[in-house]
1. Let me confirm something: among 100, 109, which residue is surrounded by fewer than 16 Cβ atoms within 10 Å (Cβ to Cβ) and in contact with a strand residue (DSSP E or B) (Cβ under 9 Å, 6 or more places away or on another chain)?
2. Determine whether residue 84 is surrounded by fewer than 16 Cβ atoms within 10 Å (Cβ to Cβ), within 14 Å of residue 1 (Cβ to Cβ) and modelled with pLDDT of 90 or more.
3. Kindly provide the set of residues from region 14-32 that are outside any loop (DSSP other than H, G, I, E, B) and farther than 18 Å from residue 98 by Cα, ordered by number.
4. What residue, of 37, 23, is surrounded by 18 or more Cβ atoms within 10 Å (Cβ to Cβ) and more than 17 Å from the chain's Cα centre (by Cα)?
5. Specify which of the listed residues (35, 49) is assigned to a helix (DSSP H, G or I) and either touching a strand residue (DSSP E or B) at 6+ places or on another chain (Cβ under 7 Å) or at pLDDT 95 or above (or both).
6. Among (1) touching a helix residue (DSSP H, G or I) at 6+ places or on another chain (Cβ under 8 Å); (2) surrounded by 14 or more Cβ atoms within 10 Å (Cβ to Cβ); (3) part of a helix (DSSP H, G or I), there is one condition residue 43 misses while meeting the rest; what is its number?
């Protein structure tokens, strides 16, 4: 399951990298309150999160492969938990990156 989900994440990351959403919207792209502050935060969030999605997707694929090879009895529930923890970590990293670059009002730090 993790390798399949990881593959989907990696493919979505490549799609977001090739076809990023150019305008702030509520349908497509990395959408958080902070990423939607202004066009500058939006553009940086799309660039950075597509890379994160590719990296985490590849990690999920590798982890899923290892778990299937060496721990064949590993419960699906644990795989779902691993995936959700990874998503939370990815969100924390992406939001942390935005907050390093931008002030709370969405203007770039000098």
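The values are calculated or read from the model by the stated rules, or taken from the named source; none is laboratory data. Quick caveat: nothing in here was measured; it's all calculated off a predicted structure. Counting neighbours? That spans all protein chains shown, and the Cβs are built from the backbone with ideal geometry, glycine included.
1. 109
2. yes
3. Answer for region 14-32, where residues must be outside any loop (DSSP other than H, G, I, E, B) and farther than 18 Å from residue 98 by Cα: 14, 15, 18.
4. 37
5. Values: 35 fails: assigned to a helix (DSSP H, G or I).
Exactly one residue qualifies, and that residue is 49.
6. Going through (1) touching a helix residue (DSSP H, G or I) at 6+ places or on another chain (Cβ under 8 Å); (2) surrounded by 14 or more Cβ atoms within 10 Å (Cβ to Cβ); (3) part of a helix (DSSP H, G or I) one by one, residue 43 breaks only (1).
Condition check ((1) in contact with a helix residue (DSSP H, G or I) (Cβ under 9 Å, 6 or more places away or on another chain); (2) closer than 20 Å to residue 21 by Cβ; (3) touching a residue at least 60 places away in the same chain (Cβ under 8 Å)) across all residues:
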position	(1), (2), (3)
49	yes, yes, no
56	yes, yes, no
60	yes, no, no
68	yes, no, yes
90	yes, yes, no
94	yes, yes, yes
98	yes, yes, yes
